[in-house]
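Below is one structure, written out as structure tokens; comments come after it.
The values are calculated or read from the model by the stated rules, or taken from the named source; none is laboratory data. These figures come from a predicted structure and were not determined experimentally. Cβ: placed from backbone, ideal geometry, glycine included. Neighbour counts: every protein chain shown.
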Amino acid sequence: MAWRHLKNLKGKRNCFSINVPTFQRVNVHKEGKEEMEKGKYGQIKHFTDIEAWKLGREIRKSIYTLVKTLPNEEKYNLNSQMRRAAISTTANIAEGYGRYHYQENIQFCRQSRGSMYEMQDHLITCLDEGYITKEDYDRMYSLTKNAIRAINGYIKLLQRQQQAERERETENRK
């Protein structure tokens, strides 16, 4: 979590030190200027700006179309599991974005990544059972691989931001 430190002004009455949580994507520099962290694809002002979320959304739309073609006996099994994994992917990225701590955000991204791997397994099942063609499988599987790469990239961005913040805090303590 990013923290703004208000230091005690010596000799001043009614001044005290207070830690106030701030939104994690805002960094406070020595000069006091705030700037938004820029990701690979530009500024991230909302979870919908995250590339991994965008790819997850495309997969979710494709999965919702795909499950409509599954046989009725899969309605409460594979159909339900695929829909839940698809929803979980974007929902976890969004929920993690709303957390103040880097580690919490990263953990939600890891859960999102797990849902993508679960989706890959469901796609293999669909192929094995003859519910989808090899072409559809290849297309969807490729989308999930790209989403996993994007999630991994977002996790690395968060880890770099967390490390940079730690280094600034260490430097400010000196």
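Which condition breaks for GLN111 when tested against (1) free of Cβ contacts under 8 Å to residues at least 40 places away in the same chain; (2) under 23 Å from ARG166 (Cβ atoms); (3) touching a helix residue (DSSP H, G or I) at 6+ places or on another chain (Cβ under 6 Å)?
Evaluating GLN111 over (1) free of Cβ contacts under 8 Å to residues at least 40 places away in the same chain; (2) under 23 Å from ARG166 (Cβ atoms); (3) touching a helix residue (DSSP H, G or I) at 6+ places or on another chain (Cβ under 6 Å) leaves (2) as the failure.
Filter segment 102-158 down to the residues that are within 12 Å of ALA52 (Cα to Cα) and of a type in the set (Val, Ile, Thr), then identify the one that is surrounded by the most Cβ atoms within 10 Å (Cβ to Cβ).
The extreme case among them is ILE151.
Of everything in segment 63-73 that's touching a residue at least 24 places away in the same chain (Cβ under 8 Å) and in contact with a helix residue (DSSP H, G or I) (Cβ under 8 Å, 6 or more places away or on another chain), which residue is surrounded by the fewest Cβ atoms within 10 Å (Cβ to Cβ)?
Step one: of segment 63-73, the residues touching a residue at least 24 places away in the same chain (Cβ under 8 Å) are 63, 66, 69-71.
If we keep only those that are in contact with a helix residue (DSSP H, G or I) (Cβ under 8 Å, 6 or more places away or on another chain) too, we end up with 63, 66, 70.
Details: ILE63: 24, LEU66: 21, LEU70: 17.
It comes out as LEU70.
Give segment 74-101 a look and list any residue that's crowded, with 20+ Cβ neighbours inside 10 Å and in contact (Cβ under 8 Å) with a residue 60 or more places away in the chain, or say none.
Of everything in segment 74-101, just one residue is crowded, with 20+ Cβ neighbours inside 10 Å and in contact (Cβ under 8 Å) with a residue 60 or more places away in the chain, namely ILE93.
Is there a residue in segment 76-88 that is more than 29 Å from GLU171 (Cβ to Cβ), β-branched (Val, Ile, Thr) and at pLDDT 50 or above? Break it down into steps so the answer makes sense when it comes.
Taking segment 76-88 first, the residues more than 29 Å from GLU171 (Cβ to Cβ) are 76-88.
Remaining after also requiring β-branched (Val, Ile, Thr): 87.
The next check asks that each one be at pLDDT 50 or above; those that pass are 87.
Yes, segment 76-88 contains a residue that is more than 29 Å from GLU171 (Cβ to Cβ), β-branched (Val, Ile, Thr) and at pLDDT 50 or above.
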